[in-house]
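Visitor: Submitted below is the structure of interest, expressed as structure tokens.
The values are calculated or read from the model by the stated rules, or taken from the named source; none is laboratory data. Keep in mind that what you see is a predicted model, and the values were worked out from it rather than measured. All Cβ positions, even for glycine, are placed from backbone atoms using ideal geometry, and neighbour counts span all protein chains on display. What goes into the accessible areas is simple: the full protein's heavy atoms, side chains included, and nothing from ligands, DNA or RNA. Shrake-Rupley method; radii C 1.70, N 1.55, O 1.52, S 1.80 Å.
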Amino acid sequence: MEEEDQQNPQQRSYWSRWSKHDFFPEPTFQNLSSYKDALSHTPSRLKDRLLHRSSDSFELLQLPKQSENRMKRCLTWWDLVWLGFGSVVGSGIFVITGQATREYAGPSIVLSYAISGFSALLSVLCYTEFAVEIPVAGGSFSYLRIELGDFVAFIAAGNILLEALVGSAGLGRSWSSYFASMFRTDDTDFLRIRVKSFPDGFNLLDPIAVVVLLVANSIAMSGTRRTSVLNWIASIASVFIIVFIIIVGFVRGNTANLTPFFPFGAEGCFKAAAVVFWSYTGFDMVANMAEEAKKPSRDIPVGLIGSMSLITVVYCLMALALSMMQKYTEIDKDAAYSVAFEAIGMDWAKYLVSICALKGMTTSLLVGSMGQARYTTQIARAHMIPPWFALVHPKTGTPIYATVMVTLVSAVVALFTSLDVLSSVFSFSTLCIFMFVAIALLVRRYYVKDETPKNDLVKFLICLFVIIGSSIGISVLWNADKRGWIWYVVFGVIWLLGTLWMAFLPKHRVPKVWGVPLVPWLPALSIGINVFLIGSLGYVAFLRFFICTAVMVAYYLLVGVHATYDVAHQIEQESKTEEGNQSAS
């Protein structure tokens, strides 16, 4: 019976895929003996995976077959613009602004948002070029797999999943805080359950966050088009409330609250920029919807670049309005805007603001759930996690299993973990992925396998090393409190020379439809800013990130490398067999 199921998977019900073959179909995992044999060949298999790069056609044509059913092309540029707006606005401005303003930046939070917005826009440009030419559900995972290889893509995949889980959990926790603030502004934790025996940061259990995550993800599973329509209707309504917040902040606010503008110095402003980068995350979820866009070459650039430009302006104005309404030392860390309205005597407005915040976070959860599930789907298609998660439901056209997995794990994280713990991990993972995508774009333009001369490749790698190295140098200087201008000039000149040298190298690939302008300058600048922001996150964020990455590498060596090796060589053997049959005929 099991052999019949393996041969005719599409004849089985979507809900009956529970055999061992559905989760681990690769030869390595057939029995204990085959697994032991595979482990003994780990070094050679790891070398094979390190040197392997995927291709555009493989990601576009071969991998989607693993899902058995195709996702439905039902999204237009209008849907993508509002998916971008809905996924981003709410995931940060209402969530992390209070903490970043009070603890890191003060009124200079406005500049922090401008810096992060500029960095995000550079990343958006890089994402857009890839998404137009490779419109698949995997987003940055697929882009990195094509240009930087399987291992780098896996590390990114692990961080993508970490980002998805942490991001959803953080939104769920903040939803709960804003909901609580509608009843009690003096204690936004009163609806949470305190467990004294648990360590700080994990001792406030949040069942409301769990319920919100379950409801939002259930809606996302019901269908892409339905979720998109619900999102853009709700997002348009929230625009009016956002305009109200900005106008009231400017009219009723006090400019005296903007002094001192840099209470924590420039260091605090940049540290806040790294933390509030969370506010801009979500646009990559729009790139994940590329497989469902009707006209990717038109819809994706308009959706991504248009929504991000608008969002940056909105964020800066909202941050300025908050800083004027209330002194930075009095801003509430969890529900900043609703508490600020109460402070200026507009008690009734705090309910309107809280409703807007709750709406924004709900749509962020909806769009985030869609994007996260599609990330997971593409990772599962590549067999880096069990291919069971890649299955798309024939009626809804959505990856239900992948959505359920993300939902359950993020709900557990949201139940235990506080917002400050989540934000630093999330920002680190996101910034690293954006940096890798910028590097991948440079590789895509300057290196084509079997076409780029070795001499050109060596020169390109030297330039890339100089750009990354000088960016790290500037970040290290800044975080070591070295404020003398000489060394900054030295590393800045090194970065400039490395980028200038790369600009004179011949490009071996030209974008077919839409390309990032000013290559290599804009991607190199994106690398520099992301590295700088990563360096501003602090020791604890690095520690948490490297512990998570170590766990990912252990999983890769024990499972991922063998599954992807088996699949790659199985496909290669099938291709040779087909070529042989065609030659014989």
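Visitor: Counting residues in the stretch 517-561 as N, plug N into 2.2 N^0.38 Å and put the Cα Rg over that result.
Guide: In units of the 2.2 N^0.38 Å rule of thumb, it is 1.64.
Visitor: Please give the charge dipole size of the stretch 142-214, origin at the Cα centre, charges +1 on K and R Cβ atoms and -1 on D and E Cβ atoms. Round to the nearest 20 debye.
Guide: Using only the charged Cβ atoms, the result is roughly 220 debye.
Visitor: Can I ask one more? Could you tell me what percent of the accessible area of the chain is made up of carbon and sulfur, with a 1.4 Å probe and every protein chain present?
Guide: So the carbon and sulfur contribution to the accessible surface is 67 percent.
Visitor: Any chance you could look up the accessible area of ILE344 with a 1.4 Å probe, heavy atoms only, rounded to 10 Å²?
Guide: Result for ILE344: roughly 30 Å² accessible.
Visitor: Here's a follow-up. How much length is gained on full extension from ALA237 to SER13, taking 0.36 nm per residue of separation minus their Cα-Cα distance?
Guide: So the extension gain works out to 76.6 nm.
Visitor: With a 1.4 Å probe and all protein chains left in place, how much accessible area per residue does the chain have, in Å²?
Guide: Per-residue value: 39 Å².
Visitor: Under 26 Å between alpha carbons, and skipping anything fewer than 8 positions from LYS196 in its own chain: which lysines qualify?
Guide: The qualifying lysines are LYS333.
Visitor: Continuing with this model, one more query. For a Förster distance of 45 Å, can you work out the FRET efficiency between the beta-carbons of LEU505 and PHE264, rounded to the nearest 0.05?
Guide: Once the sixth-power term is evaluated, E becomes 0.60.
Visitor: Based on the Cβ-Cβ distance from ARG184 to ARG73, what FRET efficiency comes out when R0 is 56 Å, to the nearest 0.05?
Guide: 0.75
Visitor: For LEU461 and ASN254 in one chain, what is 0.36 nm times their gap in residues minus the Cα-Cα distance, to one decimal in nm?
Guide: Taking LEU461 through ASN254 to full extension adds about 69.3 nm, to one decimal.
Visitor: Once the other residues with Cβ under 12 Å from the Cβ of LEU230 are scored (Lys, Arg +1; Asp, Glu -1), what is the net sum?
Guide: Every neighbour counted, the sum reads +2.
Visitor: Determine the dipole magnitude for the chain: charges of +1 sit on the beta-carbon of Lys and Arg, -1 on that of Asp and Glu, nothing else is charged, the reference point is the Cα centre, and the result goes in debye to the nearest 20.
Guide: Roughly 700 debye for the chain.
Visitor: Grab the Cα-Cα distance for VAL553 and LYS454, subtract it from 0.36 nm times how many residues apart they are, and report the gain in nm with one decimal.
Guide: The span from VAL553 to LYS454 would gain 32.6 nm if fully extended.
Visitor: While we're here: Considering Cα pairs under 8 angstrom that are at least six residues apart, work out the relative contact order of the stretch 446-585 and quote it in whole percent.
Guide: 29 percent
Visitor: Let me understand the stretch 203-274 better: what is its radius of gyration from the alpha carbons, and its Dmax, in angstrom?
Guide: 19.5, 50
Visitor: Another question, then. Restricting to DSSP loop positions (anything but H, G, I, E, B) with no more than 15 other Cβ atoms inside 10 Å of their own Cβ, which trypsin sites (Lys or Arg not before Pro) remain in the stretch 88-189?
Guide: Taking the stretch 88-189 and a limit of 15 other Cβ atoms within 10 Å, the loop trypsin sites (Lys or Arg not before Pro) found are ARG184.
Visitor: Excluding residues fewer than 8 places away in the same chain, name every one of the lysines whose C-alpha is closer than 27 Å to that of LYS327.
Guide: Straight-distance partners of LYS327: LYS271, LYS350, LYS359.
Visitor: Let me ask something else. CYS74: net charge of surrounding residues, Cβ under 9 Å, Lys/Arg +1, Asp/Glu -1, itself excluded?
Guide: +2
Visitor: So, in nm, how far is label LYS65 from label VAL404 when the simple model puts each one 7 Å beyond its Cα toward the Cβ?
Guide: About 2.7 nm, to one decimal.
Visitor: With r as the distance between the Cβ atoms of ARG194 and PHE58 and R0 = 45 Å, compute the FRET efficiency 1/(1 + (r/R0)^6) and round to 0.05.
Guide: 0.30
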